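Trainee: Encoded as structure tokens, here's the structure I'll be asking about.
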Amino acid sequence: FVAIDMEFTGLNATDSLRNSVLDTVQNRYWKMKESAKRFIPPQIGICTYHEMGTKKNKYIEARPFNFYICPLPVGRVIDRRFLCHAGALNFLAGHNFDFNKLFYEGIGYLSREEVKQLGAQSDLDLERKYVDTTKKSVNPEVMAYAKQHKKMI
């Protein structure tokens, strides 16, 4: 199976979006969704779990992967603003979060609305137009793996 975890730059965007013991599941989901729109997830963790071993000696092997992700600024057209809570940043710093890595090496992304705003016809068009591929070289095997598993992820 797969586990997914995201860190955020904050939790509750407003007091009215704080969780309550009286919330229904639908209401709690809506509150979390609304707050998540205002904060960014600077890191996503994906961990795959595989059953290994023999019938007598089975065990679970975990393979964790952490990715720093950062909104992709596109000139003056798109330069996203987001909220931060001091407590959330303090929590991240206290757990060895590397803020330099986030901004210098993080994987850039755009929201669906931002992609529509740019009028990109496809991921390839977007990459050609807006991603500076001269900064880093990408291993072709990694690129092929990412394309193959993009829909699943």
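Trainee: Out of the residues in the stretch 1-53 that are hydrophobic (A, V, I, L, M, F, W, C) and open to solvent by 100 Å² or more (accessible area, probe 1.4 Å), state the one that is nearest to residue 90 (Cα to Cα). Write out each step before concluding.
Mentor: Just the residues of the stretch 1-53 that are hydrophobic (A, V, I, L, M, F, W, C), to begin with: 1-4, 6, 8, 11, 13, 17, 21-22, 25, 30, 32, 36, 39-40, 44, 46-47, 52.
Filter again for open to solvent by 100 Å² or more (accessible area, probe 1.4 Å), leaving 1, 4, 11, 21-22, 25, 30.
Numbers: 1: 31, 4: 22, 11: 13, 21: 27, 22: 29, 25: 29, 30: 26 Å.
Among them, the one singled out is 11.
Trainee: Next question, about the same structure. Out of all the residues in the stretch 42-90, which are closer than 24 Å to residue 7 by Cβ and small (Gly, Ala, Ser)?
Mentor: Once the filter is applied, which keeps residues that are closer than 24 Å to residue 7 by Cβ and small (Gly, Ala, Ser), the stretch 42-90 yields 45, 62, 86, 87, 88.
Trainee: Need pairs with beta-carbon distance below 6 Å; first residue closer than 22 Å to residue 105 by Cα and hydroxyl-bearing (Ser, Thr, Tyr) and within the stretch 52-81, second open to solvent by less than 100 Å² (accessible area, probe 1.4 Å) and part of a loop (DSSP other than H, G, I, E, B); sequence gap 6+ or separate chains.
Mentor: From the stretch 52-81, the pairs are 68/106.
Trainee: Kindly provide the set of residues from the stretch 54-96 that are open to solvent by 60 Å² or more (accessible area, probe 1.4 Å) and in a strand (DSSP E or B), ordered by number.
Mentor: 58, 59, 60, 63, 64, 65, 66, 67, 83
Trainee: I'm trying to understand the selection: among the residues of the stretch 97-111, which are outside any helix (DSSP H, G or I) and either among the polar types (S, T, N, Q) or open to solvent by less than 70 Å² (accessible area, probe 1.4 Å) (or both)?
Mentor: 97, 98, 106, 108, 109, 110, 111
The values are calculated or read from the model by the stated rules, or taken from the named source; none is laboratory data. If you're wondering where the values come from, they're calculated on a predicted model, not measured in any experiment. Cβ atoms come from the backbone with ideal geometry, glycine included; neighbour counts cover every protein chain shown. Only protein heavy atoms, including side chains, enter the accessible area calculation; ligands, DNA and RNA are left aside. Shrake-Rupley method; radii C 1.70, N 1.55, O 1.52, S 1.80 Å.
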